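Right, one structure below, let's go through it.
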Amino acid sequence: MSITIEELDSLEFEIVKQKYYNANKVNAKLDELKAGVRELIEENQSLKNSIAESEKLAAASDAMINSAQQVADAKISEAEAKADEIIRAAQEKAQGIITGAALQSGSPAGVGLTEAQLDLIDELNRKLDSLNTSQSTQIFKIKQQLMNIVIG
């Protein structure tokens with residue numbers, strides 16, 4: 001039984017024999033009030049217990065969420081590191097393929113030579129071409145002797 005404000009407002013005791021209340025009716029009403037107050041106290045305690053349990057569950061949930069977040073952060077960091085490693089390896093492989101293709105095509109620019117270095121190579125080639133036949137013959141003989149020394 002719940003006690004309401006209206007019930008308390010309407011509470012009246014009959015006066016019996018001028019200025020006295022009926023003791024049985026007063027006691028009965030007091031017993032009802034006591035029962036209602038006990039009910040409210042039990043309900044209040046039950047609600048307090050529910051709140052305490054909810055707070056425990058919330059704390060446990062927070063701990064689980066924090067733990068899961070830490071695991072997720074670690075996995076994300078691990079995945080990012082692995083991705084960086086894969087990208088670096090792929091870039092190195094791609095650079096090797098590009099360099100190999102440039103070497104096969106005979107393009108010195110693909111090997112990473114600067115314009116000034118290419119100009120110097122061209123100048124050395126022109127100087128080599130300008131050597132006269134006798135100098136070329138002498139160089140050829142020296143090369144043959146070197147080959148004989150290495151082979152022999």
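The values are calculated or read from the model by the stated rules, or taken from the named source; none is laboratory data. Nothing here was measured: the structure is a model prediction, and the numbers come from that model. Here the Cβ is made from the backbone with ideal geometry for all residues, glycine too, and neighbour counts use every protein chain on show. Surface accessibility is based on the protein's heavy atoms, side chains included, excluding ligands, DNA and RNA. Shrake-Rupley method; radii C 1.70, N 1.55, O 1.52, S 1.80 Å.
Say whether the condition of being exposed (fewer than 11 other Cβ atoms within 10 Å of the Cβ), without any contact (Cβ under 8 Å) to a residue 12 or more places away in the chain and outside any helix (DSSP H, G or I) is met by at least one residue in region 28-46.
No, that holds for no residue.
Can you pull out the residues in region 3-27 that are open to solvent by less than 70 Å² (accessible area, probe 1.4 Å) and within 21 Å of Asn44 (Cα to Cα)?
Passing the criteria: Ile3, Thr4, Glu7.
Here's the yes/no breakdown for (1) modelled with pLDDT of 85 or more; (2) among the aliphatic types (A, V, I, L, M); (3) assigned to a helix (DSSP H, G or I):
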residue	(1), (2), (3)
Glu53	yes, no, yes
Asp62	yes, no, yes
Ile65	yes, yes, yes
Val71	yes, yes, yes
Lys75	yes, no, yes
Ala79	yes, yes, yes
Ala83	yes, yes, yes
Ile87	yes, yes, yes
Ile98	no, yes, yes
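Here is a list of conditions, (1) open to solvent by 90 Å² or more (accessible area, probe 1.4 Å); (2) within 18 Å of the chain's Cα centre (by Cα), and Ala68 meets all of them except one; can you say which number that is?
(1)
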